[in-house]
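Following: one structure in structure tokens, then a few remarks.
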Amino acid sequence: MTKEEILEKSKKENKNKDIATIEAEKKAGSFALITCSIAAAILWFIEVFITKEVNHSLWLVVLIANAAMHFHLFFTMKKKRNLILAILWTISSIAVLFITISVFMYKSIL
């Protein structure tokens, strides 16, 4: 294979994106998720401070986003670590979902 053939094959595999662009997009997704998690934490603390109540819905969204990201990474890269993290994030999401529903049901009774 010549250098040009290897370059052409790489372009096809990467959908005409160079490696630097692909890496930048990966880092941007992780950065966005971290930023959203920090924003969720700040909003949660403000809500608890002002209303003296806890709303788990915001955390549920953050947990689901993490689970989705790790499932996607597992299916694209086939790394066992991503599957384990995806399962842990999913279990956490389900736990927070049950807590959120129980709080909503409790509040509707009162």
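Read the figures in this text as sums done on the coordinates, not as results from a lab. Just so it is clear, the structure is predicted and the values come from calculations on it, not from any experiment. In this analysis, Cβ positions are derived from the backbone assuming ideal geometry, glycine residues included, and neighbour counts consider all displayed protein chains.
Quick one: what are the phi-derived ³J(HN,Hα) couplings along the stretch 61-76, Karplus 6.51/-1.76/1.60 with θ = phi - 60°, whole Hz, x for glycine and proline?
Karplus-based 3J(HN,Hα) across the stretch 61-76 equals 5, 5, 5, 5, 4, 5, 4, 4, 4, 6, 5, 4, 4, 5, 5, 8 Hz.
Consider the candidate values (i) 0.96; (ii) 1.19; (iii) 1.70; state which one is Rg/Rh (Cα atoms, Kirkwood Rh) computed from the structure displayed.
The listed entry that was calculated here is (ii).
With +1 on the Cβ of every Lys and Arg and -1 on the Cβ of every Asp and Glu, and nothing else charged, how large is the dipole of the stretch 5-87 about its Cα centre, in debye rounded to the nearest 20?
360
Restricting to DSSP loop positions (anything but H, G, I, E, B) with no more than 12 other Cβ atoms inside 10 Å of their own Cβ, which trypsin sites (Lys or Arg not before Pro) remain in the stretch 17-110?
For trypsin sites (Lys or Arg not before Pro) across the stretch 17-110 that sit outside H, G, I, E and B with at most 12 neighbouring Cβ atoms in 10 Å, the list reads LYS52, LYS78, LYS79.
Restricting to DSSP loop positions (anything but H, G, I, E, B) with no more than 16 other Cβ atoms inside 10 Å of their own Cβ, which GluC sites (Glu not before Pro) remain in the stretch 1-101? Please list the in-between numbers first.
On the way: sites: GLU4, GLU5, GLU8, GLU13, GLU23, GLU25, GLU47, GLU53; in loops: GLU53.
In loop regions of the stretch 1-101 (DSSP not H, G, I, E or B), the sparsely surrounded GluC sites (Glu not before Pro) are GLU53.
Of the listed pairs LYS27/LYS78; LYS3/LYS78; LYS3/LYS26; LYS3/LYS27; LYS9/LYS80, which have alpha-carbon separations greater than 21 Å here?
Cα-Cα > 21 Å for LYS3/LYS78; LYS3/LYS26; LYS3/LYS27; LYS9/LYS80; rest within.
So what's the angle, to the nearest 10 degrees on a 0 to 90 scale, between helix 3-13 and the longest Cα principal axis of the chain?
30
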